[in-house]
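**Q** Please find one structure pasted underneath; my questions will follow.
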Amino acid sequence: MVQLEHLTAPVDAVVARMRALDAALPPRDGVAVFNRVYLAVTEEVDRRLDAGEFPDPRAATALDVRFAERYLAAVDAAAADRRPPACWRPLFQFRRHPGVRPLQFALAGINAHIGHDLALAVVDACRTLDCEPADLEDEFDRVGDLLVSLEERIREDLMPGPDLFQIADPLTHLLGSWSLERARDATWAAARALWALRHCADVAEGFTERLDAAVGFAGRMLLTPLAD
């Protein structure tokens, strides 16, 4: 048990950080909306680690923590008036826009975190563990499956009710253009490509910049303001 507690301590630390953000941010703030979603995911990963549900808890912990650190680094950059990665900029720019709905904030954050951060987190974890991406595929799939299972609940919880069809109709159309499953598949391909390019710094940097920009563009579309 001491060893398991040692492994999960870094996850507990990022959970504590997200809980502090949840307490500090206004509930309607777009970053707060995403933070609540991501906090639920990270708490569930922590619970499953404690329950021994990951075959390789060390790998799962490394991936989960490297993943969370990229989101928290973006939060810190924005708070210090530095530019966060392009994938996160739309969420920070539109976080208080009255025409953007909570579901849009939630999915724009998921888009940034899955589409960009997760690919880089796989590479970070491989370096930490001195392993190949293939060695993390089970953990990647388990975390991805958890996100997919939560996405449906998020959509149900945050979609406007039947009295707001004038919002729900364009919102349904807009969000139907984005798929977490497709984003996860693209992320795994990007992670493998980045790992293959790890000894070609210039090429890897260019690939990462283009990935960041493309995910940021998708996030900007997800945050299209809707009329009341």
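**Q** Scan the stretch 125-137 for residues that are loosely packed, with under 14 Cβ neighbours inside 10 Å and not hydrophobic (A, V, I, L, M, F, W, C) and report the count.
**A** Of the residues in that region, 3 qualify.
**Q** Which residues, taken from the stretch 58-75, are touching a residue at least 12 places away in the same chain (Cβ under 8 Å) and more than 14 Å from CYS126 (Cα to Cα)?
**A** ALA68, GLU69, ARG70, TYR71, LEU72, ALA74, VAL75
**Q** Suppose the filter is more than 21 Å from GLY144 (Cβ to Cβ) and surrounded by fewer than 19 Cβ atoms within 10 Å (Cβ to Cβ); does ARG19 pass it?
**A** Here the answer is yes, as ARG19 does meet what is asked.
**Q** Can you tell me which of THR187, THR224 is in a helix (DSSP H, G or I), in contact with a helix residue (DSSP H, G or I) (Cβ under 7 Å, 6 or more places away or on another chain) and touching a residue at least 12 places away in the same chain (Cβ under 8 Å)? Before you say what the answer is, go through the steps one by one.
**A** Numbers: THR224 fails: in a helix (DSSP H, G or I).
From the options THR187, THR224, the qualifying one is THR187.
**Q** In addition: ALA79 versus (1) under 16 Å from ASP29 (Cα atoms); (2) in contact (Cβ under 8 Å) with a residue 40 or more places away in the chain: which is the lone unmet condition?
**A** Exception for ALA79: condition (2).
**Q** Identify, by number, the condition in (1) at pLDDT below 95; (2) surrounded by 15 or more Cβ atoms within 10 Å (Cβ to Cβ); (3) within 21 Å of GLU43 (Cα to Cα) that VAL122 doesn't meet.
**A** Of (1) at pLDDT below 95; (2) surrounded by 15 or more Cβ atoms within 10 Å (Cβ to Cβ); (3) within 21 Å of GLU43 (Cα to Cα), only one is false for VAL122: (1).
**Q** Here's a follow-up. Taking the options GLY144, GLY219, name whichever one is modelled with pLDDT of 65 or more and either of a type in the set (Phe, Trp, Tyr) or closer than 23 Å to ALA125 by Cβ (or both). Spell out how you get there, then give the answer.
**A** Details: GLY219 fails: either of a type in the set (Phe, Trp, Tyr) or closer than 23 Å to ALA125 by Cβ (or both).
Just a single option satisfies the conditions, and that option is GLY144.
**Q** Return yes or no: is GLU139 modelled with pLDDT under 95 and over 26 Å from ARG58 (Cβ atoms)?
**A** no
**Q** Could you check, for the stretch 131-139, whether at least one of its residues is in a loop (DSSP other than H, G, I, E, B) and not basic (Lys, Arg)? I'd like the intermediate steps shown before the answer.
**A** Taking the stretch 131-139 as the starting set, the residues that turn out to be in a loop (DSSP other than H, G, I, E, B) are 131-132.
After this cut, where a residue has to be not basic (Lys, Arg) as well, the list is 131-132.
Yes, because at least one residue in the stretch 131-139 is in a loop (DSSP other than H, G, I, E, B) and not basic (Lys, Arg).
**Q** Read through the list (1) in a helix (DSSP H, G or I); (2) of a type outside the set (Phe, Trp, Tyr); (3) modelled with pLDDT under 95, then give the number of the only condition that GLY206 fails.
**A** (3)
**Q** Hey, any hits in the stretch 72-80 for a residue that's open to solvent by 40 Å² or more (accessible area, probe 1.4 Å), of a type outside the set (D, E, K, R) and not in a loop (DSSP other than H, G, I, E, B)? I'd like the intermediate steps shown before the answer.
**A** Going through the stretch 72-80, the residues open to solvent by 40 Å² or more (accessible area, probe 1.4 Å) turn out to be 73, 76, 79-80.
Those left that are additionally of a type outside the set (D, E, K, R): 73, 79-80.
From what is left, the residues that are not in a loop (DSSP other than H, G, I, E, B) are 73, 79.
The answer is yes, given that some residue of the stretch 72-80 is open to solvent by 40 Å² or more (accessible area, probe 1.4 Å), of a type outside the set (D, E, K, R) and not in a loop (DSSP other than H, G, I, E, B).
**Q** Here is a follow-up. Just the residues that are closer than 25 Å to PRO90 by Cβ and open to solvent by less than 30 Å² (accessible area, probe 1.4 Å), please, taken from the stretch 26-63.
**A** ASP29, GLY30, VAL31, ALA32, VAL33, PHE34, ASN35, VAL37, TYR38, LEU39, VAL41, THR42
**Q** Would you mind stating whether ARG95 is of a type in the set (D, E, K, R) and open to solvent by less than 50 Å² (accessible area, probe 1.4 Å)?
**A** yes
The values are calculated or read from the model by the stated rules, or taken from the named source; none is laboratory data. None of these values were measured; they are calculated from a predicted model. Glycine also receives a Cβ, built like all others from the backbone with ideal geometry; neighbour counts cover every protein chain displayed. Protein only, heavy atoms only, side chains kept; ligands, DNA and RNA dropped before computing areas. Shrake-Rupley method; radii C 1.70, N 1.55, O 1.52, S 1.80 Å.
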